[in-house]
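The values are calculated or read from the model by the stated rules, or taken from the named source; none is laboratory data. Here the structure is a predicted model, which means the values were calculated and not measured. Note that each Cβ is placed from the backbone with ideal geometry, even for glycine, and that neighbours are counted across all protein chains shown. Remember, those area values only see protein heavy atoms, side chains included, never the ligands or the DNA or RNA. Shrake-Rupley method; radii C 1.70, N 1.55, O 1.52, S 1.80 Å.
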Amino acid sequence: MSALPPAEPRSAALDAPRPKPSHGPDPAKVRAAVRGGTLAYFVDQFDIYLPIVVLAPATVYFQSVNLSASTTAMLSSLVFASTLIGRPLGAVIFGHFADTVGRKRTTLVAVGGFGATTLAIACLPGHETIGTWSVGLLIALRFVDGIFLGGEYTTAVPLAMEWSPRHKRGLYASIITSTSPAAYAVIAAITLLLLQQLPAVGPHSSYVQWGWRVPFVIGALLAAALFRYYLTQVHEPPREVTGERHRLPLVRLVARYPKSLAQVFVLMTGTWLATNMEAAVTPAQLKEHLRLSSEQVTLTMLVINASAALSYPLFGLLSQRIGRRRFYIGYGLAVMVIGAGSYSLLMESDGGPVATLSWAVMIGVFTVGTFGPIAAYLTERFPASIRSTGYGVGYSLALIAPAFYQFYLQQFDGHVPAHLAPGVLFALAGALISLGGFLGPETKDVDMADDRTIPALS
């Protein structure tokens, strides 16, 4: 391993020692913050994956039946991409207020916003009623939803990590982030149940007309429960942890820590590219290439994401043992070889249930495991006064380029079979993850209350 790069020069005020608390953090407040972060991440990811899983069998509700397959796929990808594009904007807006006003109050605003937006989507009329306005409003509301969702994790996750003991940050971070594939699995299970009771057999079937609304209403109710929990149970981190507040945390982030932000950007670009291939592209290829039914696709994606959820705590503990830097270098290589290979072998299989579900487990474990310790790593990368802004921008700015995955896949037309092209992007994602880990320092021993322990790139 190469030596750590020298730390960036810091101001005297930043280097000045901070007063230490006279005792450890209140265990009850630690538990409340970690539970809140876990619930917040679950609700966030539940909302993110709704259009991918729930709306896939009901696409005809929002679009004309006369559209070509390529146009339908493009509009569907825009519904997902609009949410992802809104998240960086939300991270900037809400990260600013989290660092200047407070983590808890900002979280409450973000949660209330995406809960109301999700409920509004559940009430949308279809193409037969308002024409192309239907899909236009869906895309617009998902963009607004993305802004509030970007704000939610920008505030709730740093709050949880700031309350967490140093030696348990990797584990607590992985528990929080394991709710992402778990949320996907829950949505898949709900959708599978709905499809069994309300088959999507045409534009006027029960699922297409109203069945898809049920998970969106559930998402809004989960947001309401999360709002109440934060309002009554979660506390702001101690002032010695959050540090002195700056009026313009984004300006400070860009001016003082540009290389740290760039390193995180590389890591997260690979992470989001792998995520989009797993969450958005794999279901389509299961249906189009392997000719699986909607129920079989949903079951396969449930297995993929349940496997990922179970692996996250193991990855969090591993990063706590060997270090975040070594973990990300090694995991990126695993994505390149095992993740991309498992996807390609699945697509070349006969689509039988044993082979499909076996490769699904490998895909779940070796494509999106970067998220295991990511909450700990990104909050350890930035000083307290700009931690929410650094975490939020670093986490979500990299969403933009991978969000246009459909355009990248089209570039392989005529060169790589359509069902194997995502494997190439999986391999690229793994390379970026390894590179991002290699370029960054080790962070697992960072003291959240002492900025002098935070390694930064010069």
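Just a few scattered comments:
- Segment 129-149, residues that are open to solvent by 10 Å² or more (accessible area, probe 1.4 Å) and aliphatic (A, V, I, L, M): I130, V135, L137, I139, A140, L141, V144, I147
- Here V65 passes the criteria (1) open to solvent by 40 Å² or more (accessible area, probe 1.4 Å); (2) assigned to a helix (DSSP H, G or I); (3) in contact (Cβ under 8 Å) with a residue 12 or more places away in the chain except the one numbered (2).
- Restricting the search to helices (runs of 4 or more DSSP H) fully inside segment 104-177 and requiring at least 3 residues that are of a type in the set (D, E, K, R) gives 133-163.
- Considering segment 178-201, the residues that are outside any helix (DSSP H, G or I) and free of Cβ contacts under 8 Å to residues at least 24 places away in the same chain include one that is surrounded by the most Cβ atoms within 10 Å (Cβ to Cβ), namely L198.
- Residue in segment 315-334 that is out of contact with any Pro (no Cβ under 7 Å at 6 or more places or on another chain), closer than 30 Å to V79 by Cβ and assigned to a loop (DSSP other than H, G, I, E, B) present: no
Residues are listed down the side, and each one gets a yes or a no for (1) surrounded by 22 or more Cβ atoms within 10 Å (Cβ to Cβ); (2) of a type in the set (V, I, T); (3) more than 30 Å from M362 (Cβ to Cβ); (4) over 13 Å from the mean Cα position of the chain (by Cα):
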| position | (1), (2), (3), (4) |
| --- | --- |
| L89 | no, no, yes, yes |
| V111 | yes, yes, yes, yes |
| L124 | no, no, yes, yes |
| G151 | yes, no, yes, no |
| S164 | yes, no, yes, yes |
| G170 | yes, no, no, yes |
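- Within segment 424-448, if we keep just the residues that are of a type in the set (G, A, S) and crowded, with 21+ Cβ neighbours inside 10 Å, the residue that is nearest to R381 (Cα to Cα) turns out to be G440.
- Residues that are among the polar types (S, T, N, Q), without any contact (Cβ under 8 Å) to a residue 12 or more places away in the chain and part of a helix (DSSP H, G or I) within segment 392-416 comprise just one, Q410.
- Which numbered condition L286 misses (of (1) surrounded by fewer than 21 Cβ atoms within 10 Å (Cβ to Cβ); (2) more than 27 Å from L378 (Cβ to Cβ); (3) touching a Gly at 6+ places or on another chain (Cβ under 9 Å); (4) of a type outside the set (D, E)): (1)
- Test for H419: is it out of contact with any helix residue (DSSP H, G or I) (no Cβ under 8 Å at 6 or more places or on another chain), part of a loop (DSSP other than H, G, I, E, B) and open to solvent by 10 Å² or more (accessible area, probe 1.4 Å): no
- Some residue of segment 257-266 being among the aromatic types (F, W, Y) and without any contact (Cβ under 8 Å) to a residue 60 or more places away in the chain: no
- Selection of segment 339-364 for residues being part of a helix (DSSP H, G or I), under 21 Å from V416 (Cβ atoms) and open to solvent by less than 60 Å² (accessible area, probe 1.4 Å) yields G339, A340, G341, S342, Y343, S344, L346, M347, I363.
- Scanning segment 203-243 for residues that are outside any helix (DSSP H, G or I), open to solvent by 10 Å² or more (accessible area, probe 1.4 Å) and under 20 Å from L50 (Cα atoms) returns P203, S205.
- Once segment 404-416 is narrowed to residues that are open to solvent by 60 Å² or more (accessible area, probe 1.4 Å) and not aromatic (F, W, Y), the residue that is farthest from T71 (Cα to Cα) is H415.
- So L250, is it assigned to a helix (DSSP H, G or I), in contact with a His (Cβ under 9 Å, 6 or more places away or on another chain) and open to solvent by 60 Å² or more (accessible area, probe 1.4 Å): yes
- Positions within segment 21-68 being farther than 13 Å from G219 by Cβ, at pLDDT 85 or above and among the β-branched types (V, I, T), in sequence order: V30, V34, T38
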